[in-house]
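Data block below; observations after.
The values are calculated or read from the model by the stated rules, or taken from the named source; none is laboratory data. Keep in mind that this is a model prediction, so the values were computed, not measured. For neighbour counting, all protein chains shown are included, and Cβ atoms are generated from backbone atoms with ideal geometry for every residue, glycine included.
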Amino acid sequence: MSKTPVKVDGRQLVLTNLDKVLYPESGFTKAEVIDYYSRIAPVLLPHLAGRPLTVKRYPNGVEGQFFFEKNAPKHTPDWVRRVNLPVPGSTKDRESIDFALVEDLPTLVYYANLAALELHVPQWRVNEEGKAEEPDTLVFDLDPGAPATIVECCEVALLLREALAEDGLTASPKTSGNKGMQLYADWDGRAEPSAYAKTLAQRLEKEHRALVISVMTRSARTGKVFIDWSQNNPAKTTVAPYSLRARAQPTVSTPLTWAEVETCQSPEELVFTTADVLERVADQGELFRRA
């Protein structure tokens, strides 16, 4: 195992196997993963701050086995902030888990070095005392059932934007980095978020039956877009804006402008790799929550 000692914002880290290829189709290495996360950190970290982290780790690359990790590894540096939170119904019979919070560049680099390609967070934060607060974000995950694609997701996103605006909520779109997209809105606690999201999804299904479905039955999704309202369950997480995805190419969950959503004609228009996203941020700055 090759080891490379580095200092990141005053923290000492040892990076390993930097030349290991994690995306074989493109030859994208661990060093490039770390470089991307380091460079995107200014716009990524605000979306992670205060939110308990769940990662998908791919130690042998995206074509190898992966595992979800919620519990901070035993070798986690003591300077990484952690919070102990209850996990009712844990499959490992745990009463609580020590979650990490990624709130600075050294912690982000530490996780990138673990081949934690995907970063997932809940729609709520913890306070300074480490206690969970009420959800501050509403999210809709739009999942197309083939032959529908992200193009149809864009159509549904526009319907959701209009419906949310009627309730005084401003939606912000991003790609999932996979085949679908997500809409976020700041949440004011006016209702239980999952119940609100489910009611809205069911309304749009009723109004647009040829395009929208609100139930999880996969066999019923053909040619439609599933509005997954259940992501608002406090126990669930959603891939963070600017997170890598474990696809053949190093694609990213990318914030969009509404103009891009309105004019999308083909799925290829809304596929963005790390290089694309770094260029977008350099040219346009942070798009999320102001698109």
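Leu204 meets each of the listed conditions (1) among the aliphatic types (A, V, I, L, M); (2) under 25 Å from Leu287 (Cα atoms); (3) crowded, with 21+ Cβ neighbours inside 10 Å apart from (2). Taking residues in the range 184-207 that are in contact (Cβ under 8 Å) with a residue 24 or more places away in the chain, and partners anywhere that are of a type in the set (S, T, N, Q) and assigned to a helix (DSSP H, G or I), the pairs with Cβ atoms closer than 7 Å and at least 6 places apart or on different chains are Pro193/Asn232; Ser194/Ser230; Ser194/Asn232; Ala197/Asn232.
For Ser253, indicate whether it is buried (at least 18 other Cβ atoms within 10 Å of the Cβ) and on the phi < 0 side of the Ramachandran plot. Here the answer is yes, as Ser253 does meet what is asked.
The conditions of being among the hydrophobic types (A, V, I, L, M, F, W, C), part of a helix (DSSP H, G or I) and more than 16 Å from the chain's Cα centre (by Cα) are not met by Ala248. The criterion of at least 2 residues that are over 20 Å from Thr238 (Cβ atoms) is met by the following strands (runs of 3 or more DSSP E) wholly inside the range 1-114: 3-8, 11-16, 21-23, 82-86, 96-100.
One residue is enough: does the range 41-56 have a residue meeting the conditions among the polar types (S, T, N, Q) and closer than 23 Å to Leu101 by Cβ? Within the range 41-56 (the criterion being among the polar types (S, T, N, Q) and closer than 23 Å to Leu101 by Cβ), the answer is yes, since at least one residue qualifies. Got a sec? Which of Arg51, Arg81 is touching a strand residue (DSSP E or B) at 6+ places or on another chain (Cβ under 9 Å), closer than 30 Å to Gly285 by Cα, of a type in the set (D, E, K, R) and without any contact (Cβ under 8 Å) to a residue 40 or more places away in the chain? On inspection, the qualifying residue turns out to be Arg81. Of the candidates Ala157, Ala165, Ala191, the single residue that is in a helix (DSSP H, G or I) and exposed (fewer than 15 other Cβ atoms within 10 Å of the Cβ) is Ala165.
Within the range 141-154, the residues that satisfy the criterion of being assigned to a strand (DSSP E or B) and in contact with a helix residue (DSSP H, G or I) (Cβ under 6 Å, 6 or more places away or on another chain) are Asp141, Leu142, Pro144. State yes or no: is Gly177 part of a loop (DSSP other than H, G, I, E, B) and touching an Asp or Glu at 6+ places or on another chain (Cβ under 6 Å)? Judged against the criteria, Gly177 is not a match.
Filtering the range 218-236 to residues that are surrounded by fewer than 20 Cβ atoms within 10 Å (Cβ to Cβ), part of a loop (DSSP other than H, G, I, E, B) and in contact (Cβ under 8 Å) with a residue 60 or more places away in the chain leaves Arg221, Thr222, Gly223, Pro234, Ala235, Lys236.
Per the listing Ala115, Ala100, Ala148, the residue uniquely hydrophobic (A, V, I, L, M, F, W, C), crowded, with 19+ Cβ neighbours inside 10 Å, modelled with pLDDT of 95 or more and at positive phi is Ala115.
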